[in-house]
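*Asks:* Quick one: structure below, then a few questions.
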Ligand SMILES: [Zn+2]
C-alpha cells in the first residue's frame, strides 16, 4: 500500500471511500464470495490502518473484507451471499468483557434479585417468579432485599423511597411458604445482617421450634414462640451447610441466561472468574452449539499443581474456550470496606481492610491483620502468594491478581516486581494483570508502566461507588481511585470489564454502554456530578471502546484473532442503533439509550433485535 492510499484510507470519511475504490474493485467481481455482507454501515473498526468503513464481508468464521460498500459488495457478493443493508447503523468489534462472574450472574438472573424490594407483595412475587425459572428442588438463595431502600437511590437512578415509618422491612416465612413447596429458600438482606429461610429449608436443616439459638447467632421467634424464618449470625450456617453444590442442570440454566444477556449487549467474549466446576457447563454448551460468546477461563492460583501435571499452558483450548490467566486475590473489596489501605477508613477508624487467602499462612482464612504499621508491611505474615506466582511462571499462564486498596496494590506491585525480576521477565511479553487497580497511591502509578502491566478495571464502579467513596477514603485517596487516565499515562494497558453481576448494592450489566458511559462521563446514571467525578480522569470514547475490544483481546494474546474489524480476524461484531463515537463526544448520556441491533459471533448472527 502506498503512503497516499494509507492516508486516503485513514482520513477520507467513510462515504467517499466506496467511490474512491469502486473502479479498482469492479474488475474482480465476486471472485472471493462472502457468506454475509453488512453494507451501508457506519463501521468503527478500532484498526488504526482503516478506522472507518461502510461494509464488512464475512466467510465462515472470518472477516474477508472491510471497506466501502461498493468496493466490498462488488468484490465479495456471490450468488449465495446474504447482504444486509445497515442503513447507516453503527458497527464495532464485538465487545470483550474482561471481568464477569458467570456463576453469580447466572444465579442472579435465574434466581431472585431483591435489591429494590422492601415490602411484602413484591417480595413474595419475586420469589414466586424464581420458582417458575428454576428446576424443582433448586435452592433460591441470595436476593439482597432492601438495598435501594437503604441507599435511598440506587446507582442506576432507580429511586428508593427511604425507610418506611415503621422501620426497615423484615419478612416472615409465612409470606412465601405456600409459594415455595418444592424450592428451599435462603435469601439475604442486602447487608447480610439477616436471612429468611422458608419452612422447607428449615426442615432440611433440621431446625424446629425446639432448636436452641447457636453460639453467635439467633433464630427469630414471634411472641408465640413460632420460628419466623429470620436467621442471624451463625444460625445462617445451619441452613447454608445443607445447601448442596449447584446441580449441573441449574448451572446450565444460569450460563444460558448470561449468554443471552451477552448477546443482547453485543458482548462476544467473556473473561470469566468462575471456579472450575463451571467449565463442564461451558463444554456441554459448546458441544451443543449453544456457546454464543467465547469464554476465557482462569483457574485459581491454588490450581497450579493440576495445571502443571496436565501440561497445560497459556492459550490451552480454542477460540471458544481457553485458559488466558490464573486468578488470585491480595485484599478484600470496597463494598464492605475490606480493601486494604495504608491508613484506616475514614468512616471506620479501626479498619484498614483484610488480606485474602493466598496472602495468608497455610490454614489461616480471611483474617483481618492489624499488624500493619503505617507505610510498611514488613511484619506481614508473608503468606504464599509469591511462591504460587513463582510456581506458575513455567506454565507461561499470566498472573491475574486482584488488588483494590492502595496498600493491596502496593503489595501486589512489590510481589510482581520481585518475581518478574527474578525470572528476568520485566521486559518480556508477559502481559500480567492487576485486576481492579482500584485505588492506587500516587507513587505507584509509574510502576504499572515500568513493570509492563495490564490494568483490568471496571469503569461502572465509578458511577456506582462514587456515591460513597469520599466518605470512606477521603478526597486525597480518591484522586487515585479508578484513575484510568493516570494508569494509561503511566503506561498500563487498560482493559474494561463489567464486574457483572455487581455488588450487594447495585446490579452491573454486561451491556457495555454502562461502562463506556462511566468511563467518558464519570457520572452516576442520573448525571451527577455535572462536571464528572475527578473529571481529568475521563477517557475519550475511542479510548473506552479500545479498552473494551482491541486491548482485552491483546491481553489474552488474541491480537491476531480478534479485537478489531480487520480481514483475517474472527467475525465478531456488534451493531448498534446509535453511533457510539458521536454519542460519546456529544452526549454521553445518550450512550445509555443505545440498543444492539445485531450481535455476530464467528460469522453467525446470534442476536437480532
Ligand atoms: Zn469482580
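Quick note: the coordinates plus some simple rules give every number you see, no bench work behind them. This is a predicted model, so every value here is computed, not measured. No Cβ is skipped: glycine too gets one built from the backbone with ideal geometry, and neighbour counts run over all protein chains shown.
*Asks:* Where the centroid of each part is defined by its Cα atoms, how far is the range 379-424 from the range 263-340 in Å?
*Replies:* The two parts, judged by their Cα centres, are 20 Å apart.
*Asks:* Just to confirm the number: angle between the C-alpha axis of helix 278-287 and the first principal axis of the chain, 0 to 90 degrees, nearest 10?
*Replies:* Value to nearest ten degrees: 40.
*Asks:* Determine the gain in length on full extension of the stretch residue 241-residue 595; use 0.36 nm per residue of separation and subtract their C-alpha separation, reporting nm with one decimal.
*Replies:* Gain on extension, residue 241 to residue 595, equals 123.2 nm.
*Asks:* Measure nothing but the geometry: give the 0 to 90° angle between the long axis through the Cα atoms of 120-133 and the longest principal axis through the Cα atoms of the chain, rounded to 10°.
*Replies:* 60 degrees
*Asks:* While we're here: Applying 1/(1 + (r/R0)^6) with R0 = 30 Å to the Cβ-Cβ distance of residue 319 and residue 418, what FRET efficiency is obtained, to the nearest 0.05?
*Replies:* For residue 319 and residue 418, the calculated efficiency is 0.30.
*Asks:* Over the Cα atoms, compute the radius of gyration (one decimal) and Dmax (the largest Cα-Cα distance, rounded to a whole number) for the chain, in Å.
*Replies:* 25.6, 90
*Asks:* If R₀ is 30 angstrom, what is the calculated FRET efficiency for the pair residue 287 and residue 82, using the beta carbon separation as r and rounding to 0.05?
*Replies:* For R0 = 30 Å, the calculated efficiency reads 0.65.
*Asks:* Now for a different question. Dividing the alpha-carbon Rg of the range 562-609 by 2.2 N^0.38 Å yields what?
*Replies:* Here the answer is 1.30, to two decimals.
*Asks:* Where both residues lie in the range 452-609, what percent of DSSP beta bridges are antiparallel, nearest 5?
*Replies:* Antiparallel: roughly 70 percent of the beta bridges in the range 452-609.
*Asks:* Could you please rank 592, 285, 487, placing first whichever residue has the fewest other Cβ atoms within 10 Å of its Cβ?
*Replies:* By the 10 Å Cβ count, ascending, the order reads 592, 285, 487.
*Asks:* Which percentage, to the nearest 5, of the DSSP beta bridges contained in the chain is antiparallel?
*Replies:* 50 percent
*Asks:* Something else about it: Between residue 530 and residue 125, with labels modelled 7 Å along Cα→Cβ, what's the label distance in nm to one decimal, could you check?
*Replies:* That separation, rounded to one decimal, is 3.7 nm.
*Asks:* How large is the helix-only mean residue ellipticity at 222 nm for the chain, computed as the sum of -39500 (n - 2.57) over DSSP H runs with n ≥ 4, divided by its residue count, in deg cm²/dmol to the nearest 500?
*Replies:* Taking each H run of at least 4 residues, the total per residue is -8500 deg cm²/dmol.
*Asks:* If I fit a long axis through the Cα atoms of helix 469-478 and take the longest principal axis of the Cα atoms of the chain, what angle between them do I get, 0 to 90°, rounded to 10?
*Replies:* Once rounded, one gets 50 degrees.
*Asks:* Would you give the gap between the C-alpha center of the range 561-575 and the C-alpha center of the range 427-490, rounded to a whole Å?
*Replies:* The distance from the Cα centre of the range 561-575 to that of the range 427-490 comes to 29 Å.
*Asks:* Go through 121-134, 38-51 and give me the packing order, highest mean Cβ count within 10 Å leading.
*Replies:* By packing density, highest mean first, the sequence is 38-51, 121-134.
*Asks:* Subtract the Cα-Cα distance of residue 561 and residue 174 from 0.36 nm times their separation in residues, and report this length gain in nm to one decimal.
*Replies:* 133.8 nm
*Asks:* Place the peptides 506-514, 108-116 in order of packing, highest mean first, counting for every residue the other Cβ atoms within 10 Å and averaging per peptide.
*Replies:* 506-514, 108-116
*Asks:* Taking the alpha-carbon centroid of each part, what is the distance from the range 129-150 to the range 512-559 in angstrom?
*Replies:* The distance from the Cα centre of the range 129-150 to that of the range 512-559 comes to 32 Å.
*Asks:* If the chain between residue 577 and residue 234 were fully stretched, how many nm would it gain, using 0.36 nm times the residue separation less the Cα-Cα distance?
*Replies:* Fully extending the segment from residue 577 to residue 234 adds 118.4 nm.
*Asks:* Along the Cα→Cβ direction, 7 angstrom out, place labels at residue 475 and residue 215. What is the inter-label distance in nm?
*Replies:* That separation, rounded to one decimal, is 4.9 nm.
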